[in-house]
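This report concerns only the one structure given below.
The values are calculated or read from the model by the stated rules, or taken from the named source; none is laboratory data. Every value quoted in this text rests on a predicted model; they were computed, and no experiment measured them. Cβ: placed from backbone, ideal geometry, glycine included. Neighbour counts: every protein chain shown. With ligands, DNA and RNA removed, areas are computed over all heavy atoms of the protein, side chains included. Shrake-Rupley method; radii C 1.70, N 1.55, O 1.52, S 1.80 Å.
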Amino acid sequence: MTVYPGCVFTRMNPMKSITTITPEQHAESVIDSLGYDSETVGHYIHGIQRYIMTAGAFNHIISFFRRKGI
């Protein structure tokens with residue numbers, strides 16, 4: 001299984017936000033997904049974050065430029 005994690009709250013990364021989870025939350029989510037997928041982001045919060053950063057954001061950027069005629 002390949003894991004693509006997002007931000008995890010630790011002493012090295014003390015920045016707490018909506019998309020930051022604890023290492024325990026991440027580990028538990030990854031273990032729960034074993035046997036279901038070959039790839040995972042580990043936690044649904046990171047899934048939302050990845051969607052926004054990839055497909056969702058990309059489509060909005062393209063739409064913006066098309067509306068502006070660029």
* Structure fact -> Scanning the range 32-64 residue by residue, those open to solvent by less than 80 Å² (accessible area, probe 1.4 Å), more than 17 Å from the chain's Cα centre (by Cα) and not small (Gly, Ala, Ser) turn out to be ILE62
* To do: Could you check how many residues of the range 33-50 are without any contact (Cβ under 8 Å) to a residue 12 or more places away in the chain and closer than 21 Å to ILE18 by Cβ?
  => 1
* To do: Scan the range 7-32 for residues that are at pLDDT 80 or above and within 22 Å of THR54 (Cα to Cα) and jot them down.
  => VAL8, THR20, ILE21, HIS26, SER29, VAL30
